[in-house]
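First up is the structure itself, then whatever we jot down about it.
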Ligand SMILES: NC(=O)c1ccc[n+]([C@@H]2O[C@H](COP(=O)([O-])OP(=O)(O)OC[C@H]3O[C@@H](n4cnc5c(N)ncnc54)[C@H](OP(=O)(O)O)[C@@H]3O)[C@@H](O)[C@H]2O)c1
């Protein structure tokens, strides 16, 4: 068995790599020459670095040598141009599948990290399930759905598709602004009470491990989320309580969120640095909710996402403090 992990230096991928290393599984990671290695040091002797990009089919074919299992976690979550989402999440996934298909008889399984965004919004009363017709609302979500279709329709060996809800935990930059805002004694309070499914990053990494080999998971698509459903304000309240600081509500009407996204979009264009909070994110922010029913994962493959919000916030807060991010 030899695993190729893409996106290993990113937030989610670095936790998957930690799990692979903890199990001493022989692993190769795909890195670009420009990839930031801050989450990778030190690399164990069981980890081999292979240089390449999901946008470069030639490098991918070379990277597949001797590989039996792939965890495809590379993805584009923020972009300056809409086309970048498709170049990486759709065409990049197609390239991974084609390069793997070109190694007949060798490949056993591909675990593809997709997203709840590929399925689209869901509400507390009506969460999205694996059999819900996908209705992505953002270019990111549409590009992830196209990536899923590449895997489902063209992969000539076993595959599993995981659709995590919003992911948080150590090394995450996505929720960091929320922690920083609370530290400034403000509790962001959107006037639309958007219910959210969340997943602690270590639980997601464990789910990827289970899906790597378990026969029952082959050919399946699973949402990955904790059972607890919260709101952004509920999360902010928990952060404030664990930080032991007073904080007052900071109302965020939709029109203000739109202005904020517009401002971040303009700044991103000027600086040439993509920001997660752009106009395409607004489509997701104004959705009624992001709730999925992840019970199939528990029922079919016994995968429990055990970390509740209290423990997850504690782990995240402690890491942010140690890393000097907060
Ligand atoms: N974070 C979340 O809340 C969340 C929720 C649901 C699903 N996901 C999915 O989880 C995956 C990882 O997301 P993340 O939050 O960990 O993002 P991240 O920290 O930005 O990591 C993205 C990873 O993809 C790699 N990558 C991007 N373009 C590449 C290319 N052309 N060739 C090779 N590698 C490339 C990046 O490498 P470089 O450093 O070289 O750019 C990086 O390692 C994505 O597929 C995302 O859609 C994330």
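The values are calculated or read from the model by the stated rules, or taken from the named source; none is laboratory data. Computed from a predicted structure; not experimentally measured. Virtual Cβ from ideal backbone geometry, glycine too; neighbours counted across all protein chains shown.
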Using beta carbons and a limit of 6 Å, which pairs, at least six apart or on different chains, have the first residue in region 157-177 and on the phi < 0 side of the Ramachandran plot and the second one away from the ligand (no atom under 12 Å from the Cβ) and assigned to a loop (DSSP other than H, G, I, E, B)? 157/107; 158/218; 160/220
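Would region 260-275 turn up any residue that is within 18 Å of the chain's Cα centre (by Cα) and touching a residue at least 60 places away in the same chain (Cβ under 8 Å)?
Yes, some residue in region 260-275 is within 18 Å of the chain's Cα centre (by Cα) and touching a residue at least 60 places away in the same chain (Cβ under 8 Å).
Return the residue satisfying two criteria in turn: it lies in region 239-259 and is outside any helix (DSSP H, G or I) and within 27 Å of the chain's Cα centre (by Cα), and of such residues it is surrounded by the fewest Cβ atoms within 10 Å (Cβ to Cβ). Explain how you work it out, then say what you get.
Step one: list which residues in region 239-259 are outside any helix (DSSP H, G or I), which gives 244-253.
So of that shortlist, the ones also within 27 Å of the chain's Cα centre (by Cα) come out as 252-253.
Working: 252: 19, 253: 12.
Across region 239-259, the extreme among qualifying residues is 253.
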Give 60, 116 a once-over and let me know the one that is surrounded by 18 or more Cβ atoms within 10 Å (Cβ to Cβ) and under 21 Å from the mean Cα position of the chain (by Cα). 116
Any idea how many residues of region 41-58 are more than 8 Å from the ligand (Cβ to nearest atom), in a loop (DSSP other than H, G, I, E, B) and either over 24 Å from residue 1 (Cβ atoms) or in contact with a helix residue (DSSP H, G or I) (Cβ under 7 Å, 6 or more places away or on another chain) (or both)? 3
Of the conditions (1) at pLDDT below 95; (2) within 14 Å of the ligand (Cβ to nearest atom), residue 73 clears all except one; give me its number. (1)
Those strands (runs of 3 or more DSSP E) lying entirely in region 123-212 with at least 2 residues in contact with a strand residue (DSSP E or B) (Cβ under 9 Å, 6 or more places away or on another chain) and more than 16 Å from the ligand (Cβ to nearest atom): 186-190
Scan 294, 236 and give me the residue that is closer than 28 Å to residue 111 by Cβ, buried (at least 20 other Cβ atoms within 10 Å of the Cβ) and in contact (Cβ under 8 Å) with a residue 24 or more places away in the chain. 294
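Could you count how many residues in region 274-296 are part of a loop (DSSP other than H, G, I, E, B), more than 19 Å from residue 309 (Cβ to Cβ) and at pLDDT 90 or above?
Within region 274-296, the subset part of a loop (DSSP other than H, G, I, E, B) is 274-278, 286-288, 291, 293-294.
Going one step further and asking which of them are more than 19 Å from residue 309 (Cβ to Cβ), we end up with 274-278, 286-288.
Next, only the ones that are at pLDDT 90 or above stay: 286-288.
Counting residues in region 274-296 that are part of a loop (DSSP other than H, G, I, E, B), more than 19 Å from residue 309 (Cβ to Cβ) and at pLDDT 90 or above gives 3.
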Are any of the residues in region 224-232 within 15 Å of the ligand (Cβ to nearest atom), under 28 Å from residue 99 (Cα atoms), touching a strand residue (DSSP E or B) at 6+ places or on another chain (Cβ under 7 Å) and not in a helix (DSSP H, G or I)? yes
Going through (1) free of Cβ contacts under 8 Å to residues at least 40 places away in the same chain; (2) assigned to a helix (DSSP H, G or I); (3) near the ligand (Cβ under 9 Å from one of its atoms); (4) surrounded by 18 or more Cβ atoms within 10 Å (Cβ to Cβ) one by one, residue 87 fails only at (4)
So which of 99, 63 is more than 9 Å from the ligand (Cβ to nearest atom), farther than 15 Å from residue 209 by Cβ, touching a residue at least 24 places away in the same chain (Cβ under 8 Å) and touching a strand residue (DSSP E or B) at 6+ places or on another chain (Cβ under 8 Å)? 63
Residue check for residue 27: touching a helix residue (DSSP H, G or I) at 6+ places or on another chain (Cβ under 7 Å), away from the ligand (no atom under 14 Å from the Cβ) and closer than 23 Å to residue 210 by Cβ: yes
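Looking at 74, 99 in this structure, which one is surrounded by 23 or more Cβ atoms within 10 Å (Cβ to Cβ) and part of a loop (DSSP other than H, G, I, E, B)? Don't jump to the end; show me each part of the working.
Numbers: 99 fails: part of a loop (DSSP other than H, G, I, E, B).
Among 74, 99, only 74 is surrounded by 23 or more Cβ atoms within 10 Å (Cβ to Cβ) and part of a loop (DSSP other than H, G, I, E, B).
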Restricting to region 9-24, name every residue that is more than 6 Å from the ligand (Cβ to nearest atom) and either over 17 Å from residue 201 (Cβ atoms) or in contact with a helix residue (DSSP H, G or I) (Cβ under 8 Å, 6 or more places away or on another chain) (or both). 15, 16, 18, 19, 20, 23, 24
